[in-house]
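The values are calculated or read from the model by the stated rules, or taken from the named source; none is laboratory data. Remember, it's a predicted structure, so these values are computed and weren't measured experimentally. Don't worry about glycine lacking a Cβ; one is built from the backbone with ideal geometry, like all the others, and counts go over all protein chains shown. Note: areas computed on protein heavy atoms with side chains; ligands, DNA, RNA excluded. Shrake-Rupley method; radii C 1.70, N 1.55, O 1.52, S 1.80 Å.
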Amino acid sequence: MLKKPVRISITGAAGQIGYSIIFRIANGDLLGKDQPIILQLLEASNKKSQKAIKGVIMEIEDCVFPLLMDVSAHKNPITAFKDANIAILIGSLPRGSNMKRSELLAINSPIFIEQGKALNSVASRDVKVLVVGNPVNTNTYITMKSAPDLSYKNFTAMLRLDHNRAIAKLASKLNEPVSSIKKVFVWGNHSLSMYADYRYATVNGVLIKNIINNNSYWNKNVFLPAISRRGEEIISIRGVSSAASAASAAIDHIKDWIFGTNNWVTMGIPSDGSYNIPKDIIFGFPVKTKNSKYKIIQDLKIDKFSQKKINLSIEELKNEICGINHLMR
Ligand code: NAX
């Protein structure tokens, strides 16, 4: 018997990341080749965006995806999130040149307040929300706080691209396949303050930090800057920001959340106070997932260097929240 279709809402669906993720999801890359889906695509209400999303839908139709039961375009989050089981919030306004993070947050906050409220009133009560749009941690916080009837556990932010980048960098340094690298993760904010941590990571079961020559130097001067600046590097070489890799990371994030994984993965989630991260701020944590739930990996030792790095993200996120709190009253 055919399974009941899963409703997936995607915002910013005609943008770069939207265009990369939709076709993969419709092809079964997220939920498997036996899971029918319904796509509810939200775009900005201006004429150009609405025209663009119609064009994307024409292409989707021409792919004749067997799993796709229905696809619709929306300009109102209330209709776009109706009964959504999964909501991927990509749509937001891009950072203009010379724009500060705080200015970007002020511009994007109303979008996430409105979408949080809409999720609160019409989405499935167990909706899984992944926010991708930047500044992603605080946008997730805004969305979560705007949806008081949903559990905080429904809301997550994407740090998986940073996590995947850390794996790719270690695999290339060690000249080993990416699948042999385990237990890497990223603490904190998806910003320059993020802290990619491989103190516990292994390659084919061997601790990586023990086999890298001059490990401490390489970590501080090569690895950490490479991960936190990877996005900028891609923009400077490709001319536009990461899109296919971001879409792929979003699929990894949701897939692992739903189906579980034995590996350690990074999710941006509301802090429960673990590792003295202030409660409710959205922070990158190492987690394990099982039966559609995540669990923070506990009791990792936080040395002086790690604490300093983690504190930078905490301070940055506290400031970001301070800057938008007045908009949420
Ligand atoms: P694009 O500018 O290509 O697409 C954004 C789309 O969102 C546009 O089509 C726009 O019309 C739409 N949009 C704007 N306001 C909307 C609203 N109120 N409702 C629905 N849709 C709306 O950007 P793209 O490259 O796709 O990036 C999207 C977001 O992802 C950006 O904020 C970007 O910074 C962020 N990223 C986050 C990453 C992460 O790791 N968390 C990595 C990749 C990416 O940089």
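Whole number in Å², please: accessible area per residue of the stretch 219-329, 1.4 Å probe, ligands, DNA and RNA not counted. Present the calculation step by step, with values, prior to reporting the outcome.
Values: 5810 Å² over 111 residues.
Per-residue value: 52 Å².
With the Cα gyration tensor of the stretch 207-329 giving a ≥ b ≥ c as the square roots of its eigenvalues, does the rule (a/c under 1.5 for rounded; else a/b larger than b/c for prolate; else oblate) give rounded, prolate or oblate?
Values: a/c = 1.16, a/b = 1.12, b/c = 1.03.
Rounded, since a/c falls under 1.5.
As a test of the formula, what do you get for the chain when each DSSP H run with n ≥ 4 contributes -39,500 (n - 2.57) and the sum is divided by the residue count, at 222 nm and rounded to the nearest 500 deg cm²/dmol?
Working: 11 runs with 133 residues, N = 329.
Theoretical 222 nm ellipticity from helices: -12500 deg cm²/dmol.
For the chain, set up a Gaussian network in which alpha carbons nearer than 10 Å are linked by springs, and say which option among Y195, Y294, Y217 fluctuates the most.
Answer for the Gaussian network model of the chain: Y217.
Taking H placed 1.01 Å from N in the peptide plane, check which residues at least 5 places from V71 or on another chain put their amide H under 5 Å from its amide H.
The answer is L39.
Using only the alpha-carbon atoms, how far is helix 101-122 inclined from the longest principal axis of the chain? Give it as 0 to 90 degrees, nearest 10.
For helix 101-122, the angle is close to 50 degrees.
Contour minus end-to-end for K304 and N325, with contour as 0.36 nm per residue of separation and end-to-end as the Cα-Cα distance? Show your work: numbers first, answer last.
Values: separation 21, 0.36 × 21 = 7.56 nm, distance 3.11 nm.
Value of the extension gain: 4.4 nm.
Percent relative contact order of the stretch 6-157, based on C-alpha pairs within less than 8 angstrom and at least six residues apart? Walk me through the intermediate numbers first.
On the way: 272 pairs, mean separation 35.9, N = 152.
Value for the stretch 6-157: 24 percent.
List the lysines whose Cα sits under 20 Å from the Cα of K309, skipping any in the same chain fewer than 8 residues away.
The qualifying lysines are K169, K183, K209, K220, K279, K301, K318.
For the stretch 6-157, with every protein chain kept in place, what is the accessible area per residue (1.4 Å probe, Å²)? Mind dumping the intermediate values first?
On the way: 6430 Å² over 152 residues.
In whole numbers, the stretch 6-157 has 42 Å² accessible per residue.
Does the stretch 228-282 come out rounded, prolate or oblate, given a ≥ b ≥ c as the square roots of the eigenvalues of its C-alpha gyration tensor, rounded meaning a/c under 1.5 and, failing that, prolate meaning a/b above b/c?
Oblate is the answer for the stretch 228-282, as a/c is 1.5 or above yet b/c matches or exceeds a/b.
Which value in Å does the Kirkwood hydrodynamic radius of the chain take, with 1/r averaged over all unlike C-alpha pairs and then inverted? Write out the running numbers ahead of the final one.
Working: mean 1/r = 0.0494 Å⁻¹.
Mean inverse Cα-Cα distance, inverted, gives 20.2 Å.
With just the Cα atoms defining each centre, how far is the stretch 210-257 from the stretch 297-329? Give it in Å.
Using only Cα atoms to place each centre, the spacing works out to 20 Å.
With a 1.4 Å probe and all protein chains left in place, how much of the accessible area of the chain comes from carbon and sulfur atoms, in whole percent? Walk me through the intermediate numbers first.
On the way: 8200 of 15490 Å².
Whole-percent figure for carbon plus sulfur exposure: 53.
Along the stretch 19-28, what does the Karplus equation 6.51 cos²θ - 1.76 cosθ + 1.60 (θ = phi - 60°) give for ³J(HN,Hα), rounded to whole Hz, x for Gly and Pro?
5, 7, 8, 4, 5, 5, 5, 5, 7, x
Can you tell me the relative contact order of the chain? Whole percent, Cα pairs under 8 Å, sequence separation 6 or more.
Working: 613 pairs, mean separation 53.6, N = 329.
So the answer I get is 16 percent.
Using θ = phi - 60° and the Karplus form 6.51 cos²θ - 1.76 cosθ + 1.60, what ³J(HN,Hα) does each residue of the stretch 50-64 get, whole Hz, x for Gly and Pro?
So the J values, rounded to whole Hz, are 5, 5, 4, 5, 4, x, 4, 5, 4, 5, 4, 4, 6, 7, 6.
Just to confirm the number: angle between the C-alpha axis of helix 244-259 and the first principal axis of the chain, 0 to 90 degrees, nearest 10?
90
Just N213, N134, N204 to compare: in a GNM of the chain, with alpha carbon springs under 10 Å, which one fluctuates most?
Judging by the Gaussian network model, the answer is N213.
Return the tail of the calculated pair distribution for the stretch 6-157, meaning the percent of Cα-Cα pairs more than 22 Å apart. Present the calculation step by step, with values, prior to reporting the outcome.
On the way: 4224 of 11476 pairs.
The share of Cα pairs beyond 22 Å in the stretch 6-157 comes to 37 percent.
Put a dot 7 Å past each Cα toward the Cβ at N213 and N262; how far apart are the dots in nm?
Between N262 and N213, the simple spin-label model gives 3.4 nm.
For the chain, find the longest principal axis of its Cα atoms and tell me its angle to the long axis of helix 136-145, 0 to 90°, nearest 10.
Long axis of 136-145 versus the principal axis of the chain: about 60 degrees.
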